[in-house]
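*Asks:* Next up is a structure, given as structure tokens.
The values are calculated or read from the model by the stated rules, or taken from the named source; none is laboratory data. What you see is a predicted model; the values in this text were computed from it and never measured. Don't worry about glycine lacking a Cβ; one is built from the backbone with ideal geometry, like all the others, and counts go over all protein chains shown. Areas reflect the complete protein model, heavy atoms only, side chains present, ligands, DNA and RNA absent. Shrake-Rupley method; radii C 1.70, N 1.55, O 1.52, S 1.80 Å.
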Amino acid sequence: QPQLVESGGGLVQPGGSLRLSCGASGITLAYYAIGWFRQGSGKERERVACSVGLAASYADSVKGRFTISRDNAKNTVYLQMNSLKPEDTAIYYCATGCNNQTARDWGQGTQVTVSS
């Protein structure tokens, strides 16, 4: 079965940066649209970034701060997060597909906490 695993989360101060990784086994990520999603405590899950081939799209709340990228040789997708804000605190997930309802192969999530 395809399996995606997120890593790279942690505690960071406001204004800081983190890079999340989405590694995969049993699936070649280059063949799929890959989405990054997040869910804060008590909040709905939302898509923050989407990678389809060479194209990328972002939620308005993270535009200019987050960058999604791929390293196909490593079968890994990244989410570079800069200028982090407390409202970015959430569990971050990657999945195949970019629609919150139809994406599949969800990873286990990695916690990002932005706090001073």
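*Asks:* Counting just the residues of segment 69-111 that are among the small types (G, A, S), surrounded by fewer than 17 Cβ atoms within 10 Å (Cβ to Cβ) and over 12 Å from the mean Cα position of the chain (by Cα), which one comes out nearest to Y31 (Cα to Cα)? Working first, answer last.
*Replies:* As a first pass, look at segment 69-111 and keep what is among the small types (G, A, S): 69, 73, 83, 90, 95, 97, 103, 107, 109.
Those left that are additionally surrounded by fewer than 17 Cβ atoms within 10 Å (Cβ to Cβ): 69, 73, 83.
So of that shortlist, the ones also over 12 Å from the mean Cα position of the chain (by Cα) come out as 73, 83.
Working: A73: 13, S83: 31 Å.
The extreme case among them is A73.
*Asks:* Taking segment 64-102 only, how many residues are in contact with a strand residue (DSSP E or B) (Cβ under 8 Å, 6 or more places away or on another chain), of a type outside the set (S, T, N, Q) and farther than 13 Å from V48 by Cα?
*Replies:* Result for segment 64-102: 7.
*Asks:* Which of the residues that make up segment 52-68 are assigned to a strand (DSSP E or B), open to solvent by less than 30 Å² (accessible area, probe 1.4 Å) and aliphatic (A, V, I, L, M)? Break it down stepwise before answering.
*Replies:* Taking segment 52-68 as the starting set, the residues that turn out to be assigned to a strand (DSSP E or B) are 52, 55-58, 66-68.
Among the residues that remain, those that are also open to solvent by less than 30 Å² (accessible area, probe 1.4 Å) are: 66, 68.
Passing the criteria: only I68.
*Asks:* Determine, yes or no, whether D71 is more than 15 Å from Q39 (Cα to Cα) and touching a Pro at 6+ places or on another chain (Cβ under 6 Å).
*Replies:* Working: more than 15 Å from Q39 (Cα to Cα): yes; touching a Pro at 6+ places or on another chain (Cβ under 6 Å): no.
No, not satisfied.
*Asks:* Quick one: in segment 25-43, of everything that is part of a helix (DSSP H, G or I) and touching a residue at least 24 places away in the same chain (Cβ under 8 Å), which residue is most open to solvent (accessible area, probe 1.4 Å)?
*Replies:* Of segment 25-43, the ones part of a helix (DSSP H, G or I) are 29-31.
Within this subset, residues satisfying the condition of being touching a residue at least 24 places away in the same chain (Cβ under 8 Å) are 29-30.
On the way: L29: 3, A30: 50 Å².
That would be A30.
*Asks:* So which residues in segment 69-116 are under 14 Å from G23 (Cβ atoms) and of a type in the set (D, E), if there are any at all?
*Replies:* Hits for segment 69-116 are D71, D105.
*Asks:* Considering only segment 60-68, I want to know if a residue exists there that is within 16 Å of G8 (Cα to Cα) and over 11 Å from the mean Cα position of the chain (by Cα).
*Replies:* Looking for residues that are within 16 Å of G8 (Cα to Cα) and over 11 Å from the mean Cα position of the chain (by Cα), one finds none in segment 60-68, hence no.
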